[in-house]
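The values are calculated or read from the model by the stated rules, or taken from the named source; none is laboratory data. Every value quoted in this text rests on a predicted model; they were computed, and no experiment measured them. A quick note on method: Cβ atoms are made from the backbone with ideal geometry, for glycine too, and the neighbour counts reach across all protein chains shown. For accessibility, only protein heavy atoms count, side chains too; no ligands or nucleic acids. Shrake-Rupley method; radii C 1.70, N 1.55, O 1.52, S 1.80 Å.
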Amino acid sequence: MTTNGYNPYQHAISQLEPVAARLGLDPGIHAMLRTPRRELSVAVPFKRDDGTIEVVRGHRVQHNIALGPTKGGIRYHQDVTLDEVRALSMWMTWKCAVANLPFGGAKGGVTIDPKKLSLGELERMTRRYASEISAIIGPNQDIPAPDVNTNAQVMAWIMDTYSMTRGTTVRGVVTGKPIDLGGSLGRNEATARGVAILVRHMAPAYGMSVDNAKIAVQGYGNAGAIASTLLADLGGTIVAVSDSQGGIYNAKGLDIPALREHKRREGTVTSFPEAEPVSNEELLEIDCDILVPAALENQIHAGNAGRIKARLIAEAANGPLSPEADKILFERDVIVIPDILANAGGVIVSYFEWVQSLQEYFWTEQEVIDRLQSKALEAGEAVMAMAKQEQCDLRTAAYLIAVRRVATATTERGLFP
Ligand code: GLU
């Protein structure tokens with residue numbers, strides 16, 4: 001999404017820069033970390049239902065392999081660009097590193113609005129994209145997962161396409177699969193559950209609590225919808241939510257079970273009764289204690305950061321705050337739980353799914369939830385301790401941990417040849 005002068009890759013680079021300086025990184029190592037290792041851009045031709053051929057663009061970027069095979073989602077969106085996928089792949093590297101997972105970062109994207117496709121068209125497009133990137137993915141190489149507008153069904157098609165070309169079923173090539181095909185229990189809820197676990201655990205350190213907090217959630221996809229439910233279950237009052245069509249607000253709190261049912265039936269939250277309409281921009285500035293941006297990048301920027309009323313922001317989306325917004329919010333004492341920590345629950349349970357797929361031995365949902373909780377809290381504690389020690393914001397602290405881990409691994413491995 002390289003619109004209005006905003007470039008996500010630049011965003012990612014400028015987050016790395018001050019951390020590299022603070023760590024005193026060797027300029028060569030810094031150059032390695034800012035440069036995606038491998039980028040594949042492909043044409044994706046597929047047949048529409050009327051028999052015509054459409055060609056869209058797809059990408060898969062593997063940012064860094066110092067800590068292991070690469071991992072990261074695949075996004076379908078009309079605004080996907082190579083620079084966006086580069087940024088998202090770099091954020092995956094830091095996310096895996098801060099969560100202490102044995103993975104590097106990758107990301108995929110196809111520039112298409114999948115809501116305009118029939119199920120058959122979506123399947124043909126997915127299979128062709130999967131086949132085009134199949135040379136560089138694999139259970140020991142690069143393991144895709146769902147992201148914006150992709151889901152378990154899309155992962156099933158990717159797994160099947162990859163498996164057909166190998167002549168055997170390869171479960172470990174994707175995570176976020178349907179449970180019947182070896183997906184992990186608890187993976188679908190994992191991103192949101194990680195957000196809820198970390199907000200509940202970290203808020204008290206800053207004099208806040210989820211219980212009775214007024215919460216606004218931007219985005220009602222997999223992360224935003226389930227986070228609304230989990231945060232409401234923890235006693236929070238969800239006062240506003242939105243999706244790509246707009247938002248709704250009720251100062252007394254929205255009936256979340258009824259809202260989920262409404263979204264399932266109508267495909268949007270906007271027509272939900274007993275709520276006032278608000279735009280996606282207005283939602284961000286609404287009177288609330290906790291704000292959960294769970295949509296896309298660059299939603300809070302220099303233009304609106306000064307008007308945010310929340311005291312705590314948990315980034316369920318990747319890159320929702322620009323670096324300028326970070327500065328403004330830090331000066332205003334707004335606590336930001338950064339994306340690479342806040343939404344790491346998704347890739348943490350992806351890691352568990354990958355392990356289960358490779359071992360062909362599957363865990364109970366409670367085991368998954370318990371292990372997610374301990375991994376997420378371990379990362380959260382480490383980030384809070386680093387922020388205290390370094391007297392910095394939580395993003396800088398998370399980056400200090402993540403970048404140091406990747407830089408150390410890079411140095412220890414040495415440079416080939
Ligand atoms: N797309 C998710 C993310 O941005 C999950 C990635 C994964 O599970 O590999 O973290």
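Among the helices (runs of 4 or more DSSP H) contained in segment 142-253, which hold 3 or more residues that are surrounded by fewer than 24 Cβ atoms within 10 Å (Cβ to Cβ) and free of Cβ contacts under 8 Å to residues at least 12 places away in the same chain?
152-166
Would you mind finding the one in G319, G306 that is within 16 Å of the ligand (Cβ to nearest atom) and not basic (K, R)?
On inspection, the qualifying residue turns out to be G319.
For segment 57-79, give me the residue count where each residue is open to solvent by 10 Å² or more (accessible area, probe 1.4 Å) and away from the ligand (no atom under 12 Å from the Cβ).
Residues meeting the conditions: 10.
Condition test on L283, is it touching a residue at least 60 places away in the same chain (Cβ under 8 Å), open to solvent by less than 70 Å² (accessible area, probe 1.4 Å) and in a helix (DSSP H, G or I)?
Considered against the rule, which asks whether it is touching a residue at least 60 places away in the same chain (Cβ under 8 Å), open to solvent by less than 70 Å² (accessible area, probe 1.4 Å) and in a helix (DSSP H, G or I), L283 comes out as yes.
Taking interchain pairs and intrachain pairs at least six residues apart, which have beta carbon atoms under 7 angstrom, with the first residue in segment 112-134 and within 17 Å of A145 (Cα to Cα) and aliphatic (A, V, I, L, M) and the second open to solvent by less than 40 Å² (accessible area, probe 1.4 Å) and assigned to a helix (DSSP H, G or I)?
L122/P114; A130/W157; A130/I158; A130/T161; A130/Y162
Give segment 341-364 a look and list any residue that's near the ligand (Cβ under 9 Å from one of its atoms), open to solvent by less than 30 Å² (accessible area, probe 1.4 Å) and over 18 Å from T169 (Cα atoms), or say none.
Result: N343, A344, G345, G346, V347, I348, V349, S350.
Conditions first: (1) under 25 Å from N151 (Cα atoms); (2) of a type in the set (D, E); (3) under 21 Å from the mean Cα position of the chain (by Cα); (4) in a helix (DSSP H, G or I). E297 passes all but one, so which condition is the exception?
The failed condition is (4).
Could you tell me whether V403 is in contact with a Cys (Cβ under 7 Å, 6 or more places away or on another chain), part of a helix (DSSP H, G or I) and either closer than 30 Å to N298 by Cβ or modelled with pLDDT of 95 or more (or both)? Steps first, please.
Working: in contact with a Cys (Cβ under 7 Å, 6 or more places away or on another chain): no; part of a helix (DSSP H, G or I): yes; either closer than 30 Å to N298 by Cβ or modelled with pLDDT of 95 or more (or both): yes.
Spelling it out, it is not the case that V403 is in contact with a Cys (Cβ under 7 Å, 6 or more places away or on another chain), part of a helix (DSSP H, G or I) and either closer than 30 Å to N298 by Cβ or modelled with pLDDT of 95 or more (or both).
So which residues in segment 87-122 are surrounded by fewer than 24 Cβ atoms within 10 Å (Cβ to Cβ) and not in a loop (DSSP other than H, G, I, E, B)?
T111, P114, K115, K116, L119, G120, E121, L122 - these are the residues of segment 87-122 that are surrounded by fewer than 24 Cβ atoms within 10 Å (Cβ to Cβ) and not in a loop (DSSP other than H, G, I, E, B).
Could you grab me the full set of residues in segment 123-141 that are assigned to a loop (DSSP other than H, G, I, E, B), crowded, with 22+ Cβ neighbours inside 10 Å and more than 16 Å from the ligand (Cβ to nearest atom)? Outline the logic, then answer.
Taking segment 123-141 first, the residues assigned to a loop (DSSP other than H, G, I, E, B) are 134-137, 139-141.
This time we only want the ones that are crowded, with 22+ Cβ neighbours inside 10 Å, so: 137.
Matches in segment 123-141: none.
With the requirement that a residue be under 20 Å from A87 (Cα atoms) and open to solvent by 10 Å² or more (accessible area, probe 1.4 Å), what does segment 328-340 give you?
Hit for segment 328-340 is V336, nothing else.
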